[in-house]
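First comes the structure, then the notes that go with it.
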There are 2 protein chains.
Amino acid sequence: MQPLKNDRFLRALLREPVDATPVWMMRQAGRYLPEYRKIREQAGSFMDLCTNPELACEVTIQPIKRFPLDAAILFSDILTIPDAMGLGLYFEEGEGPRFKKPVRTSADVRALGNPDPETELRYVTDAVRLIRRTLDNSIPLIGFAGSPWTLATYMVEGSSTKTFSRVKGMLYGEPELLHRMLTTIADSVTRYLNAQIAAGAQAVMIFDTWGGVLTPGDYRDFSLQYMQRIIDGLTREAEGRKVPVILFTKGGAQWLEQMADTGADALGIDWSTDLALARKRVGNRVALQGNLDPAVLYAAPDVIRERVAGVLEAFGHGPGHVFNLGHGINPDVDPEHAGALINAVHELSAQYHK
Amino acid sequence: MQPLKNDRFLRALLREPVDATPVWMMRQAGRYLPEYRKIREQAGSFMDLCTNPELACEVTIQPIKRFPLDAAILFSDILTIPDAMGLGLYFEEGEGPRFKKPVRTSADVRALGNPDPETELRYVTDAVRLIRRTLDNSIPLIGFAGSPWTLATYMVEGSSTKTFSRVKGMLYGEPELLHRMLTTIADSVTRYLNAQIAAGAQAVMIFDTWGGVLTPGDYRDFSLQYMQRIIDGLTREAEGRKVPVILFTKGGAQWLEQMADTGADALGIDWSTDLALARKRVGNRVALQGNLDPAVLYAAPDVIRERVAGVLEAFGHGPGHVFNLGHGINPDVDPEHAGALINAVHELSAQYHK
């Protein structure tokens, strides 16, 4: 295996010196790119795109062709696991994800399997292998999965939700049932991420999109605990390098210290927290990834540059920062604005690494 | 004017001793009550209900008839102000609020008036007077308004939003225009709240529903600053009593210290923060209102009781706590569960006030 041509991203995650701050964007392969919308249209449904390794590879690579990004991220969906568990994932246009068979009863929970990634999620590991070949060691590839709590919210609700009434009904009313379910999911996610790593993912990220809707105690017991279980079971080295783990709880800024205790290498930070404060709180224990407000991309390039400068300054000197948005890039953003962000990060960050 | 029969709520807001922790629920006059749904159906649209003082009074009183609540809150909507400014508020079933004439340009901002509450929002002050007469000094009445930033999000977007693309586009791209708009809104809100106080509101609450989507610096500059402007201009005494001000930024737990600096008497706290920690952070400067996860009401009454006990214990001994949910009560909650919450607060809190 050749060495990576650009390993800034992996080095920054491990708080090793770099020449400039690496940058990627959550949902960088997505609807804001006209070339993505074209493939998406040809593919049919969103899931048709996810389950076709050639197309998944193509859209993963699209932003890499356009921009000097420091990492690629597998194009997929966090709900592939519940789908492989037999819940019947489907998407209704403008409605978000839905499951044909949501998990509501103790029998439903018992029936949940532990999908074999190399057979039941083969389309994902095939995509990882194909993307790695295509990237040809230019930049690293990030694998990912949803957190057990986040997956459980969709699995129990059967769709997106604003009130989390069913899953919180279970949390408050039948906590043991939810714990059993979260254990099963955590074990499946561990196996799934390890399969991604075996197939070539060089870093992995756990997306805890909905951890922030919990009370501090419930976050610890129902979300963080199961992310810890995953981290404890992950392959942490492959191809002679460490495989860094990034933990991201949206709205979890109050719990950074506890998140750092899990043994994750880096924490994703949303834009509600100043990076300087976040860094002070976690010290040298973890790297930080973030945290530009995605809405900054609605502004003109000179404003984007100014705000990028602000985030870089907030983190300050030294290694341990991966630049990212605080959430996925919005579909109505001008791709040129994304380019302005990426260039600004590289140009303005060099001074912090001297 | 007779003294209030039950002034626990006002006393707690001013951190004066009480016999039990007072309790009310955000959106306590709302869709979870069958008697509300009945009136709502008869009234026609949601705005027909808001603009009819007799009906607004009736639904305000409905939860008071059912439960031993310690405060009533005016039934109204935060968007009455932009409506009175001429934006043409309307509601589409299942779509949330919309404006016929959103604010997008500098000319739109200049055209915004400062509505006279006693004429253009007379239906609100009439409702306040009628509710006060109906309550007959049993419990106090809370008036309220939206924060300037929160109102601006609706006024610029023209509807609910997930991405805040237009208003943040303005924030990042034309900050001076947004500042001018927020100044106008803040002055209108001040006038509006003072009119509610003159009409009989005995405490007022500022709902900053969307302050939490801002970065820390932007929260200070575009939301908190204008709430401060309102607080500075409020009538703080009426009928020989202090009129306490409650400030609530949803998702604002990271900024409690700054919120306490505004001179508000109390801060609303959502359920993402432990009350013990929140109390430690703000010390004796303000009272705290909150913070049960509204989803606890999906659980059985014994679980509700347990979780109420947890919140009371987190706040601990002494005055300065108003019990509430961390957000509005959800429409699909069983009213008996709300009753269980209210009874639990009164029964379990007495020990903390000895």
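The values are calculated or read from the model by the stated rules, or taken from the named source; none is laboratory data. Just so you know, these numbers come straight off a predicted model, no measurement behind them. Here the Cβ positions follow ideal geometry from the backbone for every residue, glycine too, while neighbour counts run over all protein chains shown.
Given A:I142, A:I131, A:I64, which one is of a type in the set (A, V, I, L, M), within 23 Å of A:V245 (Cβ to Cβ) and assigned to a strand (DSSP E or B)?
Numbers: A:I131 fails: assigned to a strand (DSSP E or B); A:I64 fails: assigned to a strand (DSSP E or B).
Sole residue among the options that is of a type in the set (A, V, I, L, M), within 23 Å of A:V245 (Cβ to Cβ) and assigned to a strand (DSSP E or B): A:I142.
Please go through (1) crowded, with 17+ Cβ neighbours inside 10 Å; (2) in a helix (DSSP H, G or I) for B:V103 and return the number of the only condition it doesn't satisfy.
B:V103 satisfies all of (1) crowded, with 17+ Cβ neighbours inside 10 Å; (2) in a helix (DSSP H, G or I) except (2).
For segment A:217-239: of the residues being part of a loop (DSSP other than H, G, I, E, B) and in contact (Cβ under 8 Å) with a residue 12 or more places away in the chain, which is farthest from the other protein chains (Cβ to nearest Cβ)?
Going through the qualifying residues, I end up with A:E239.
Count, please, the residues in segment A:304-318 that happen to be touching a Lys or Arg at 6+ places or on another chain (Cβ under 9 Å) and either among the aliphatic types (A, V, I, L, M) or at the interface with chain B (Cβ under 7 Å from one of its Cβ atoms) (or both).
1
Okay, residues lined up against (1) modelled with pLDDT of 95 or more; (2) over 30 Å from A:V286 (Cβ atoms):
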site	(1), (2)
A:P17	yes, no
A:M25	yes, no
A:A43	no, yes
A:I78	yes, no
A:G94	no, yes
A:S106	yes, yes
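Collect the residues in segment A:273-291 that are more than 14 Å from chain B (Cβ to nearest Cβ) and within 14 Å of the chain's Cα centre (by Cα), keeping them in residue-number order.
Matches in segment A:273-291: A:L288, A:Q289.
Let's see how each residue does on (1) of a type outside the set (G, A, S); (2) more than 23 Å from A:V59 (Cβ to Cβ); (3) buried (at least 20 other Cβ atoms within 10 Å of the Cβ):
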{"residue": "A:D83", "(1), (2), (3)": "yes, no, yes"}
{"residue": "A:E95", "(1), (2), (3)": "yes, no, no"}
{"residue": "A:D108", "(1), (2), (3)": "yes, yes, no"}
{"residue": "A:E120", "(1), (2), (3)": "yes, no, no"}
{"residue": "A:F144", "(1), (2), (3)": "yes, no, yes"}
{"residue": "A:S165", "(1), (2), (3)": "no, yes, no"}
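Taking B:P301 and the conditions (1) in contact (Cβ under 8 Å) with a residue 60 or more places away in the chain; (2) within 14 Å of chain A (Cβ to nearest Cβ); (3) farther than 21 Å from B:A276 by Cα; (4) not basic (K, R), which numbered condition does it fall short on, given that it satisfies the others?
(1)
State whether the residues of segment B:136-146 include one that is of a type in the set (S, T, Y) and either out of contact with any Lys or Arg (no Cβ under 7 Å at 6 or more places or on another chain) or within 14 Å of another protein chain (Cβ to nearest Cβ) (or both).
no
Let me spell it out: the conditions are (1) touching a helix residue (DSSP H, G or I) at 6+ places or on another chain (Cβ under 7 Å); (2) over 21 Å from A:Q228 (Cβ atoms); (3) of a type in the set (S, T, N, Q), and A:S138 meets all of them except one. Which number is the exception?
Of the numbered conditions (1) touching a helix residue (DSSP H, G or I) at 6+ places or on another chain (Cβ under 7 Å); (2) over 21 Å from A:Q228 (Cβ atoms); (3) of a type in the set (S, T, N, Q), the odd one out for A:S138 is (1).
Scan (1) crowded, with 21+ Cβ neighbours inside 10 Å; (2) within 14 Å of another protein chain (Cβ to nearest Cβ); (3) part of a helix (DSSP H, G or I) for the single condition A:V345 breaks and write down its number.
(2)
Considering only segment A:240-272, state which residues are among the acidic types (D, E) and within 14 Å of another protein chain (Cβ to nearest Cβ). Before the answer, list the steps.
To start, the set of residues in segment A:240-272 that are among the acidic types (D, E) comprises A:257, A:261, A:265, A:270.
A:E257, A:D270, listed by residue number.
Return the pair list, or none, for Cβ contacts closer than 6 Å from residues in segment B:130-158 that are within 20 Å of B:R104 (Cβ to Cβ) and in contact (Cβ under 8 Å) with a residue 24 or more places away in the chain to residues that are assigned to a strand (DSSP E or B) and not polar (S, T, N, Q), at least 6 apart or on different chains.
B:G146/B:F207; B:T150/B:D208; B:G158/B:F99
For segment B:127-134, indicate whether the set of residues that are among the β-branched types (V, I, T), in contact with a helix residue (DSSP H, G or I) (Cβ under 7 Å, 6 or more places away or on another chain) and farther than 20 Å from B:A29 by Cα is non-empty.
No, that holds for no residue.
Any residue in segment A:71-96 that is on the phi > 0 side of the Ramachandran plot sitting within a Cβ distance under 7 Å of a residue that is aromatic (F, W, Y)? List the pairs, counting only those 6 or more apart or interchain.
A:G88/A:F99
Filter segment B:199-215 down to the residues that are assigned to a loop (DSSP other than H, G, I, E, B) and more than 14 Å from chain A (Cβ to nearest Cβ) and list them by number.
Applying the first criterion (assigned to a loop (DSSP other than H, G, I, E, B)) to segment B:199-215 yields B:200-202, B:209-210, B:214-215.
Of everything in segment B:199-215, those that are assigned to a loop (DSSP other than H, G, I, E, B) and more than 14 Å from chain A (Cβ to nearest Cβ) turn out to be B:G200, B:A201, B:Q202.
Tell me, yes or no, whether segment A:158-178 has at least one residue that is within 14 Å of chain B (Cβ to nearest Cβ), out of contact with any Ser or Thr (no Cβ under 9 Å at 6 or more places or on another chain) and of a type in the set (F, W, Y).
yes
Could you say whether any residue in segment A:20-38 is outside any loop (DSSP other than H, G, I, E, B), free of Cβ contacts under 8 Å to residues at least 24 places away in the same chain and surrounded by fewer than 22 Cβ atoms within 10 Å (Cβ to Cβ)?
Yes, there is a match, as at least one residue in segment A:20-38 is outside any loop (DSSP other than H, G, I, E, B), free of Cβ contacts under 8 Å to residues at least 24 places away in the same chain and surrounded by fewer than 22 Cβ atoms within 10 Å (Cβ to Cβ).
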